[in-house]
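Trainee: If you scroll down you'll find the structure; I have some questions about it.
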Amino acid sequence: MKIFLLGFMGSGKTTMGAWLAAHYRSKLIDTDWMVEGKHHKSVAKMFEQDGEEVFRKAEHTVLQNILEQEKACVVACGGGMPCFFDAMAAMNAAGATVYLKLSADLLFSRLRKEINQRPLLAQQEDLQGYITDTLKQREPYYSQAKHTVIVQDGDTIAEVKRRIVAAVDREQGG
């Protein structure tokens, strides 16, 4: 079984992915980490030095490899990955897709604390506006996921994990 976690940066895909991988005795694949490893530079450096188009093609290659080679795995997808190269249709055909949906306000609250770890955000003059606008552009893609798990301020990690597992298990007939 493949499980794809989708959502905006800061939505918890990697954190939840690690827990889900342990829960299902599977491996975690973070697509950003895979791209960074193959290209020997950070996502931020790729954007800066090579441009978004090169990054998106590299990301697509990583997704194709996952779809072709991996059996059971949990995939923490880069925030923009579902929006390019018909990725949502491919992921929906290959396994369970779960959109971790957070409001723009909650994302802003989380991400403003991480600006130093996320160089792409540091260059935004209006971080809240950037998050709101980008989320609005990506929502049509994210909403194609088979499952949407709404994450609200105050939710515990355990509550979010329970909702994800319930959605995936329903799909798997478990």
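Trainee: Tally up the residues in region 102-112 that are polar (S, T, N, Q) and part of a helix (DSSP H, G or I), please. Don't jump to the end; show me each part of the working.
Mentor: Here is the first cut: in region 102-112, the ones polar (S, T, N, Q) are 103, 109.
Next, from what is left, pick out any that are part of a helix (DSSP H, G or I): 109.
So the answer is 1.
This table checks each residue for (1) within 13 Å of the chain's Cα centre (by Cα); (2) in a helix (DSSP H, G or I).
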site	(1), (2)
LEU63	yes, yes
GLY78	yes, no
PHE85	no, no
MET88	yes, yes
MET91	yes, yes
LEU100	yes, no
GLU114	no, yes
LEU120	no, yes
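Trainee: Then there is this: Given GLU68, GLU48, which one is at pLDDT below 95, assigned to a helix (DSSP H, G or I) and acidic (Asp, Glu)? Reasoning before the result, please.
Mentor: Details: GLU68 fails: at pLDDT below 95.
Exactly one of GLU68, GLU48 is at pLDDT below 95, assigned to a helix (DSSP H, G or I) and acidic (Asp, Glu), namely GLU48.
Trainee: Scan (1) surrounded by 14 or more Cβ atoms within 10 Å (Cβ to Cβ); (2) under 22 Å from MET1 (Cβ atoms) for the single condition ARG110 breaks and write down its number.
Mentor: (2)
Trainee: Right, another one. Being crowded, with 17+ Cβ neighbours inside 10 Å, within 21 Å of MET91 (Cβ to Cβ) and either without any contact (Cβ under 8 Å) to a residue 40 or more places away in the chain or among the hydrophobic types (A, V, I, L, M, F, W, C) (or both) is the filter here; which residues of region 28-51 pass it?
Mentor: The answer is LEU28, ILE29, MET34, VAL35, GLU36, VAL43.
Trainee: Go through (1) outside any helix (DSSP H, G or I); (2) surrounded by fewer than 12 Cβ atoms within 10 Å (Cβ to Cβ); (3) of a type outside the set (Lys, Arg) for ALA158 and report which single condition fails.
Mentor: (1)
Per-residue answers, yes or no, for (1) touching a residue at least 24 places away in the same chain (Cβ under 8 Å); (2) touching a Leu at 6+ places or on another chain (Cβ under 9 Å):
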residue: MET91; (1), (2): yes, yes
residue: THR97; (1), (2): yes, yes
residue: LEU106; (1), (2): yes, no
residue: LEU120; (1), (2): yes, no
residue: GLY129; (1), (2): no, no
residue: LEU135; (1), (2): yes, yes
residue: VAL151; (1), (2): yes, yes
residue: GLN172; (1), (2): yes, no
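Trainee: In region 10-19, which residues are in contact with a helix residue (DSSP H, G or I) (Cβ under 9 Å, 6 or more places away or on another chain) and buried (at least 21 other Cβ atoms within 10 Å of the Cβ)? Steps first, answer last, please.
Mentor: Restricting attention to region 10-19, the residues satisfying the condition of being in contact with a helix residue (DSSP H, G or I) (Cβ under 9 Å, 6 or more places away or on another chain) are 10-12, 14-16, 19.
Scanning region 10-19 gives GLY10, SER11, GLY12, MET16.
Per-residue answers, yes or no, for (1) small (Gly, Ala, Ser); (2) farther than 30 Å from GLN152 by Cα:
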residue	(1), (2)
LEU5	no, no
ASP32	no, no
LYS41	no, yes
GLU48	no, yes
VAL54	no, yes
LEU63	no, no
ILE66	no, yes
ALA72	yes, no
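Trainee: Taking region 9-45 as the search range and keeping residues that are out of contact with any strand residue (DSSP E or B) (no Cβ under 6 Å at 6 or more places or on another chain) and in a loop (DSSP other than H, G, I, E, B), which one is modelled with the lowest pLDDT?
Mentor: Applying the filter and picking the extreme gives SER42.
Trainee: Also: Out of everything in region 1-53 that is aromatic (Phe, Trp, Tyr) and under 11 Å from the mean Cα position of the chain (by Cα), what residue ends up being farthest from GLY173 (Cα to Cα)?
Mentor: Within region 1-53, the subset aromatic (Phe, Trp, Tyr) is 4, 8, 19, 24, 33, 47.
Filter once more, keeping what is under 11 Å from the mean Cα position of the chain (by Cα): 4, 8.
Values: PHE4: 17, PHE8: 28 Å.
Across region 1-53, the extreme among qualifying residues is PHE8.
The values are calculated or read from the model by the stated rules, or taken from the named source; none is laboratory data. The structure displayed is predicted, hence computed values, not measured ones. Every residue, glycine as well, gets a Cβ built from its backbone with ideal geometry; the counts of neighbours run over all protein chains shown.
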